[in-house]
Amino acid sequence: MYLQKRSRILRATPAIRSLVAETILRPSDFIAPLFIDEGKGVKTEISSMKGYYRMSVDLTVAEVKELWSVGVKSVLLFVKAADDTKDNTGREAWNPDGLMQRAIKAIRDAVPEMYVMTDVALDPYSSYGHDGIVVDGEIVNDETVEALVKMSVSHAKAGAHMVAPSDMMDGRIGAIRKGLEDNGFTRTGIMAYSAKYASCFYGPFRDALDSAPGFGDKKTYQMDYANRTEAVKEALQDVEEGADIVMVKPALSYLDIIRDVKNTVHVPVSAYNISGEYAMVKAAAEKGWIDENKAIIEMLTSMKRAGSDLIATYFAKDAARLIAG
Ligand code: PBG
């Protein structure tokens, strides 16, 4: 058979495949999310996230050193606030001696090169488990934004390089940028969760922080997964308001959104390979139904191919090691 063009020529050996590979993962593409707990020597496995732990600050610091040693250059911090600090104002979120603030300082002291990002949202501190302040059953926008500004400034003061608002309130990026400027934090970045969808795949994360909403759901602030154009609108608006990086979350069911956003904005795009995506891989691998290591690399590659420059992933350490071979 005569063929003018044979596509298999470029697939014939590992060498030629690697020569023409369009997407290459690097350890520095990853942001490692970390769950931080009070105490000392505390390491608790999250029941729905096998192999992932909530750790006290001392053990978190050891983990950060290990991440740095495998080439991961950024961490994203989440805290499990003690129950008696939770209320409907979120004020523990800007306590200068709060768990988050202590964790930031400890990590900055121990591994000064590590780029420290922090989650900004009220849910770990909310007695209602919502990302904002609740008035008459409603998650109110403007009062919440004021709280998020205080929280962001407090993280910057403690040494965070970049704050990552994950709450989806309107106007918070502009307000946080102004708050940082007004307080002299001209070098603190903002990674906006611009297109964060109301997703069932956050379940394991809410187990990790004991932060499930006490009533209702998050659909009045997080996006409807039926929508695509709206994600582009949100990303453009956040860039306009001063976001340095925009994020799409979750990642796996939202690769089309990642590409749309990537094609539209002129800032780096991040994806969040979330808890439910991690849990699915772990559960199927445990049953012997998929090859875990191959699944990790294929999923992360698909996210980068879709257009994410950065990927927040619970597989950061594993993937960095796999890439190194
Ligand atoms: C809350 C927040 C959530 C995640 C990150 N920040 C959960 C939620 O919105 O309920 C999810 C992360 C994950 O599932 O891995 N501000």
Being over 25 Å from Ser154 (Cβ atoms), in contact (Cβ under 8 Å) with a residue 40 or more places away in the chain and within 10 Å of the ligand (Cβ to nearest atom) is the filter; apply it to segment 181-199 and report the residue that is surrounded by the fewest Cβ atoms within 10 Å (Cβ to Cβ). Ser199
Residues located in segment 118-153, provided they are open to solvent by 10 Å² or more (accessible area, probe 1.4 Å), assigned to a helix (DSSP H, G or I) and among the polar types (S, T, N, Q): Asn141
Give just the number: which of (1) free of Cβ contacts under 8 Å to residues at least 40 places away in the same chain; (2) more than 15 Å from the ligand (Cβ to nearest atom); (3) open to solvent by 40 Å² or more (accessible area, probe 1.4 Å) does Arg177 not satisfy? (1)
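Taking the stated definitions as given, is Asp167 within 22 Å of Leu209 (Cα to Cα), within 16 Å of the ligand (Cβ to nearest atom) and assigned to a strand (DSSP E or B)? Spell out how you get there, then give the answer.
Values: within 22 Å of Leu209 (Cα to Cα): yes; within 16 Å of the ligand (Cβ to nearest atom): yes; assigned to a strand (DSSP E or B): no.
No.
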Being farther than 30 Å from Glu146 by Cβ and either within 14 Å of the ligand (Cβ to nearest atom) or open to solvent by less than 40 Å² (accessible area, probe 1.4 Å) (or both), is that true of even one residue in segment 85-100? no
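For residues in segment 94-117 being free of Cβ contacts under 8 Å to residues at least 60 places away in the same chain, in contact with a strand residue (DSSP E or B) (Cβ under 8 Å, 6 or more places away or on another chain) and not in a strand (DSSP E or B), which is nearest to Asp210 (Cα to Cα)? Can you show your working first?
Step one: list which residues in segment 94-117 are free of Cβ contacts under 8 Å to residues at least 60 places away in the same chain, which gives 95, 97-98, 101-102, 104-116.
Still in the list and also in contact with a strand residue (DSSP E or B) (Cβ under 8 Å, 6 or more places away or on another chain): 98, 104, 107-108, 114-116.
Narrowing the set further to residues that are not in a strand (DSSP E or B) leaves 98, 104, 107-108, 114.
On the way: Gly98: 17, Ile104: 21, Ile107: 23, Arg108: 26, Met114: 27 Å.
Filtering first and then ranking leaves Gly98.
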If the Cβ limit is 9 Å and pairs must be 6+ apart or interchain, which residue in segment 276-293 that is more than 22 Å from Lys249 (Cβ to Cβ) pairs with which residue that is in a helix (DSSP H, G or I) and of a type in the set (Val, Ile, Thr)? Ile290/Val281; Glu292/Val281
Step by step: first the residues of segment 1-41, then only those that are open to solvent by 80 Å² or more (accessible area, probe 1.4 Å) and among the hydrophobic types (A, V, I, L, M, F, W, C), then the one that is nearest to Ser211 (Cα to Cα). Which residue is that? Ile24
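The values are calculated or read from the model by the stated rules, or taken from the named source; none is laboratory data. What you see is a predicted model, and the numbers here were worked out from it, not measured in a lab. For neighbour counting, all protein chains shown are included, and Cβ atoms are generated from backbone atoms with ideal geometry for every residue, glycine included. SASA here: full protein model, heavy atoms, side chains in, ligands and nucleic acids out. Shrake-Rupley method; radii C 1.70, N 1.55, O 1.52, S 1.80 Å.
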